[in-house]
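Asker: Quick one: this structure, given as structure tokens, is what I'll be asking you about.
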């Protein structure tokens, strides 16, 4: 669900499918999407925290985790809806 939804928004996964972890998704930030301001808006307006990357991937890749109590279809739907709203 997260894979299809995030790719539908223009994100690409950083690694090939055989190396991905279902609970931690590293995605490339699409061209035109500002890393810091988008993550801030997600946190401030939707209480959704997206992990930024450091080093060579800073500002280019996010880590989207689906762990514990946040690992539900509802949480995925909320994230995807929030990203759609912010990115349009």
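Asker: Filter segment 21-50 down to the residues that are free of Cβ contacts under 8 Å to residues at least 12 places away in the same chain and touching a helix residue (DSSP H, G or I) at 6+ places or on another chain (Cβ under 8 Å) and list them by number.
Answerer: 49
Asker: Restricting to segment 42-62, and then to whatever is surrounded by 15 or more Cβ atoms within 10 Å (Cβ to Cβ) and under 13 Å from the mean Cα position of the chain (by Cα), can you tell me which residue is farthest from residue 86 (Cα to Cα)?
Answerer: In the first step, residues of segment 42-62 are kept if they are surrounded by 15 or more Cβ atoms within 10 Å (Cβ to Cβ); the result is 42, 46, 48, 50, 52-53, 57, 61-62.
Next cut, under 13 Å from the mean Cα position of the chain (by Cα) only: 42, 48, 50, 52-53, 61-62.
Values: 42: 8, 48: 13, 50: 14, 52: 17, 53: 20, 61: 17, 62: 16 Å.
By that ranking, first place goes to 53.
Asker: Still on this structure, please answer the following. List every residue pair whose Cβ atoms lie under 6 Å apart, where the two residues are 6 or more positions apart in sequence or sit on different chains, the first residue falls within segment 68-88 and is more than 12 Å from residue 46 (Cα to Cα), and the second residue, located anywhere, is part of a helix (DSSP H, G or I).
Answerer: Matching pairs, first to second residue: 76/2.
Asker: Check 77, 25 and return the single one that is under 15 Å from residue 1 (Cβ atoms) and in contact with a strand residue (DSSP E or B) (Cβ under 9 Å, 6 or more places away or on another chain). I'd like the intermediate steps shown before the answer.
Answerer: Numbers: 77 fails: in contact with a strand residue (DSSP E or B) (Cβ under 9 Å, 6 or more places away or on another chain).
That would be 25, the only listed residue that is under 15 Å from residue 1 (Cβ atoms) and in contact with a strand residue (DSSP E or B) (Cβ under 9 Å, 6 or more places away or on another chain).
Every read-out reported here was derived from the displayed coordinates using simple, explicitly stated rules and does not represent laboratory data. Here the structure is a predicted model, which means the values were calculated and not measured. Here the Cβ is made from the backbone with ideal geometry for all residues, glycine too, and neighbour counts use every protein chain on show.
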